[in-house]
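Input: a single structure, listed below in C-alpha cells.
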Amino acid sequence: MPDPLLTYIAFGGNLGDVQANFISARTAIAELEHTSLIASSYIYCTPPLGPAGQADYLNAVIAIESRLSALKLLDALQHIEQQHQRMRAEHWGPRTLDLDIIAIGNQIIGKQSIATDRLNIPHIEMHKRQFVLRPLCDIAPNWQHPRLLKSASQMLQTLLQHGETALPKGTAW
C-alpha cells in the first residue's frame, strides 16, 4: 500500500444549508478508508462566478492524508456530492456542495502528465481563484504549486497585487 499523501480539497456551495453540508461532507471524507482529516480552513463568503443572479458562495479548504488513488478519491468525493443533492445542470451554476481536489502531494495529473479526462491536479484554475487560495493559505501557506513553483501565499499575493479585494476574515466550522 502506498504512503499517504497530503491532499487539499476545496469546498464550495450556495444552496441550502451550506455550512451543514460542509460539516457533513468533511465528516464523510474523514471516514473514507485509508484517509485522515488533518486541518480545516475558515469558511469564506465569496461572490459567485458564472451565471448572474446566484447567491454568494461559502468556500473552504481541508487537508487530508489519504492512500486512495486520485481517481478513487474523486469518485468518493462525487458520491459525497450526490448524497448532498448536488445537481450538475449548469456550468458554474448554483450548487449545494462542490468538492474539488486542489492538490495531491506534489503530483501532476492531467494535461502534459498522467493521462486522464476526469482530473487535473493541481486544480487547473486554482492560482486564479482567491476563494481557493485564501482558505488554502489558512492551512498551508507554504504549499508549493508543482508547475508554477510558487507557494499558496505567493499566488494569493499576486491576485491581491493585481487589484482583487482581500476577502474578509472567515469563520470557523
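Derivation of every value follows stated rules applied to the coordinates shown; laboratory data play no part. Small disclaimer: the values here were computed from a predicted structure and weren't measured. Neighbour counts are summed over all protein chains in view; Cβ atoms, including those assigned to glycine, are modelled from backbone coordinates with ideal geometry.
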Counting other Cβ atoms within 10 Å, keep those with at most 16, restrict to DSSP loop, and tell me which trypsin sites (Lys or Arg not before Pro) in region 19-83 are left. Arg67
Size of electric dipole in region 5-161: Cβ of Lys, Arg +1 and of Asp, Glu -1, about Cα centre, debye, nearest 20: 420 debye
Please report how many Lys pairs in the chain have alpha carbons closer than 24 angstrom, counting only residues at least 8 apart along the chain or sitting on separate chains. 6
Above 26 Å lies some portion of the pair distances; for region 5-161, what is it as a whole percent of all C-alpha pairs? 21 percent
Which of Pro122, Pro94, Pro47 fluctuates most in a GNM of the chain (C-alpha springs under 10 Å)? That residue is Pro47
Run the helix sum for the chain: -39,500 (n - 2.57) per DSSP H stretch of 4+ residues, divided by residue count, reported at 222 nm to the nearest 500 deg cm²/dmol. -8500 deg cm²/dmol
Which residues' amide hydrogens lie under 5 Å from the amide hydrogen of Ile38, considering only partners 5 or more residues apart or on another chain, with H built in the peptide plane? Ala63, Ile64, Glu65
